[in-house]
1. Condition first: over 23 Å from Glu250 (Cα atoms), among the charged types (D, E, K, R) and either part of a loop (DSSP other than H, G, I, E, B) or touching a Phe, Trp or Tyr at 6+ places or on another chain (Cβ under 6 Å) (or both). Now tell me which residues in the range 81-112 satisfy that.
2. Count, please, the residues in the range 1-25 that happen to be over 17 Å from the mean Cα position of the chain (by Cα) and in a loop (DSSP other than H, G, I, E, B).
3. Out of everything in the range 113-134 that is assigned to a loop (DSSP other than H, G, I, E, B) and of a type in the set (A, V, I, L, M), what residue ends up being nearest to Leu75 (Cα to Cα)?
4. Considering each residue of the range 141-162, count those that are exposed (fewer than 13 other Cβ atoms within 10 Å of the Cβ), farther than 19 Å from Pro212 by Cα and either in contact with a Phe, Trp or Tyr (Cβ under 6 Å, 6 or more places away or on another chain) or of a type outside the set (A, V, I, L, M) (or both), and give that number.
5. Take the range 219-230 and flag every residue that is farther than 14 Å from Ser92 by Cα and surrounded by 22 or more Cβ atoms within 10 Å (Cβ to Cβ).
6. Identify all residues within the range 226-245 that are touching a helix residue (DSSP H, G or I) at 6+ places or on another chain (Cβ under 9 Å) and assigned to a helix (DSSP H, G or I); write none if there are none.
7. Would you pick out the residues in the range 41-69 that are in a loop (DSSP other than H, G, I, E, B), farther than 28 Å from Arg85 by Cβ and either touching a Gly at 6+ places or on another chain (Cβ under 7 Å) or among the hydrophobic types (A, V, I, L, M, F, W, C) (or both)?
Amino acid sequence: MLQHHVAGPADAPPLVLGPSLGTSRAVWEPQLPFLTRHFRILRFDLPGHGGSSSGVLPHPEPGRTTVEDLASLVLDLADHHALDRFNYAGISLGGAIGAHLAVRRPDRVASLTLVCSSAHFGAAQPWQERANLVRREGTAQLLASSPNRWFAMADFADTPFGRRLLGDLANTDPVGYAACCDALADYDLRPGLATISAPTLVVGGTLDTATPLEHARELAEGVPHAGLKTLDCGHLAAEQPRALRDALAEFLPSARAEAEPPTPLSGM
């Protein structure tokens, strides 16, 4: 089972928070003081990230892991905590997991927030090359380039929060990181966006170079009735913790009164 943490009132609406590649559930810590007053929060670590073992991967061999595999692990967590239906918010890969669930298991997703995420993270080859590099040499090889991908300003890496996030990357198990790269290489949800029925908010960063704003617009245009909120931030929205919190606060209350859950699609 994925390593995870639960906080907030036991009778509050559940909200699952998904992290991005290379980070841990700590990426959501700036929003927790507010969110735990209103929601039962379940944060998880991806395989090989934070406290999660790469051993939870159903197919750890190179090239085998998919976003569907990761989504199945998240559903296992939800089942373990008896969360039949939950709100979901995720950053980057964490958002892709939530979007996959919203397509394949609409009966489980009450609302969806996609932060600096995408329906398709580009060509497979760069992800496959990064996976191979990490399998050979570990995640230390990524520490020099990650601040430019993650943060709007490279000096954010020297802040306490920036150091915490980069420390998580340094400590990530190469097997789990590479498997998540494989999942991103294989991922293309563009044909399924129009089937998402959950109320959806897309948050895009105007300074995000990893998933530029065009990715957010594609999500917002593809998901029926989705809202789009832009923040002046980089890929993890780390520079704008309060603005991200406010975007969630504005969106989520209306999502709690959704209509009857739709019938699930075949698949997972």
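1. Answer for the range 81-112, where residues must be over 23 Å from Glu250 (Cα atoms), among the charged types (D, E, K, R) and either part of a loop (DSSP other than H, G, I, E, B) or touching a Phe, Trp or Tyr at 6+ places or on another chain (Cβ under 6 Å) (or both): Asp84, Arg105, Asp107.
2. 7
3. Ala119
4. Of the residues in the range 141-162, 3 are exposed (fewer than 13 other Cβ atoms within 10 Å of the Cβ), farther than 19 Å from Pro212 by Cα and either in contact with a Phe, Trp or Tyr (Cβ under 6 Å, 6 or more places away or on another chain) or of a type outside the set (A, V, I, L, M) (or both).
5. Val223
6. Result: Pro241, Arg242, Leu244, Arg245.
7. Gly48
Condition check ((1) modelled with pLDDT of 95 or more; (2) farther than 17 Å from Thr113 by Cα; (3) crowded, with 21+ Cβ neighbours inside 10 Å) across all residues:
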site	(1), (2), (3)
Gln3	yes, yes, no
Gly8	yes, yes, no
Gly18	yes, no, yes
Leu32	yes, no, no
Leu46	yes, yes, yes
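The values are calculated or read from the model by the stated rules, or taken from the named source; none is laboratory data. None of the values given here were measured: they were computed from a predicted structure. Neighbour counts are summed over all protein chains in view; Cβ atoms, including those assigned to glycine, are modelled from backbone coordinates with ideal geometry.
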